[in-house]
1. For the stretch 1-21, give me each residue that is in contact with a helix residue (DSSP H, G or I) (Cβ under 8 Å, 6 or more places away or on another chain) and either free of Cβ contacts under 8 Å to residues at least 40 places away in the same chain or under 25 Å from PRO98 (Cα atoms) (or both).
2. Over 17 Å from SER27 (Cα atoms) and either loosely packed, with under 14 Cβ neighbours inside 10 Å or touching a Gly at 6+ places or on another chain (Cβ under 6 Å) (or both), is that true of GLN94?
3. Could you tell me whether the stretch 19-31 includes any residue that is open to solvent by 30 Å² or more (accessible area, probe 1.4 Å), out of contact with any Lys or Arg (no Cβ under 9 Å at 6 or more places or on another chain) and of a type in the set (Lys, Arg)?
4. Looking at HIS52, is it at pLDDT below 85, in a strand (DSSP E or B) and either touching a helix residue (DSSP H, G or I) at 6+ places or on another chain (Cβ under 9 Å) or surrounded by 13 or more Cβ atoms within 10 Å (Cβ to Cβ) (or both)?
5. Determine if the stretch 29-40 includes at least one residue that is in a helix (DSSP H, G or I) and touching a helix residue (DSSP H, G or I) at 6+ places or on another chain (Cβ under 6 Å).
6. Output the qualifying pairs, or none if there are none: Cβ atoms under 7 angstrom, residues six or more apart or on different chains, first residue in the stretch 64-78 and open to solvent by 20 Å² or more (accessible area, probe 1.4 Å), second residue in a loop (DSSP other than H, G, I, E, B).
7. Taking ILE43 and the conditions (1) surrounded by 18 or more Cβ atoms within 10 Å (Cβ to Cβ); (2) modelled with pLDDT under 90; (3) β-branched (Val, Ile, Thr), which numbered condition does it fall short on, given that it satisfies the others?
8. Pick from GLU90, GLU54: which is touching a strand residue (DSSP E or B) at 6+ places or on another chain (Cβ under 6 Å) and acidic (Asp, Glu)?
Amino acid sequence: MQNWFSKNLGDPMLAFDAIEYLERRFSENYANTANPKDLAVFIRHESEGRLHCEVIVYFSPAAVDIAQKQNAKPCQTPSPNGLSLLAGAEEAWQTLFPNHQL
């Protein structure tokens, strides 16, 4: 299986610009593609037991180009629980998480 990638954007109160930037980069990088169902970027607020949460962005394996440009690190496939689709086709949910019920 190909790697997923993740990037920690830090404090949610300060991550708005970074999130908008990623959405624009995704649109620019993949504007000429047929928007494959496995091409997506997801986002989740995670606290891992700490007082404050952080925004983590997950790039699907097909989004490797933009992930590498953002210095995202390889990671395990994220749990779909609590994820939100940031960019990509809505069908990415079923394609990338076939056993998950929305």
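The values are calculated or read from the model by the stated rules, or taken from the named source; none is laboratory data. Owing to the predicted nature of the structure, the values given are computational and were not obtained by experimental measurement. Methodologically, a virtual Cβ is constructed for each residue, glycine included, from the backbone with ideal geometry; neighbour enumeration extends over all protein chains shown. Calculation scope for accessible area: heavy atoms of the full protein, side chains included, ligands and nucleic acids excluded. Shrake-Rupley method; radii C 1.70, N 1.55, O 1.52, S 1.80 Å.
1. If the condition is that a residue be in contact with a helix residue (DSSP H, G or I) (Cβ under 8 Å, 6 or more places away or on another chain) and either free of Cβ contacts under 8 Å to residues at least 40 places away in the same chain or under 25 Å from PRO98 (Cα atoms) (or both), then MET1, GLN2, ASN3, TRP4, PHE5, LYS7 are the ones that fit.
2. Values: over 17 Å from SER27 (Cα atoms): yes; either loosely packed, with under 14 Cβ neighbours inside 10 Å or touching a Gly at 6+ places or on another chain (Cβ under 6 Å) (or both): yes.
Answer is yes for this residue.
3. Checking the stretch 19-31: at least one residue is open to solvent by 30 Å² or more (accessible area, probe 1.4 Å), out of contact with any Lys or Arg (no Cβ under 9 Å at 6 or more places or on another chain) and of a type in the set (Lys, Arg).
4. no
5. Keep residues of the stretch 29-40 that are in a helix (DSSP H, G or I), which gives 29-30.
Those still in the list that are touching a helix residue (DSSP H, G or I) at 6+ places or on another chain (Cβ under 6 Å) too: 29.
Checking the stretch 29-40: at least one residue is in a helix (DSSP H, G or I) and touching a helix residue (DSSP H, G or I) at 6+ places or on another chain (Cβ under 6 Å).
6. Within 7 Å, the pairs are PRO74/ASN3.
7. Of everything listed in (1) surrounded by 18 or more Cβ atoms within 10 Å (Cβ to Cβ); (2) modelled with pLDDT under 90; (3) β-branched (Val, Ile, Thr), ILE43 misses just condition (2).
8. Details: GLU90 fails: touching a strand residue (DSSP E or B) at 6+ places or on another chain (Cβ under 6 Å).
It is GLU54.
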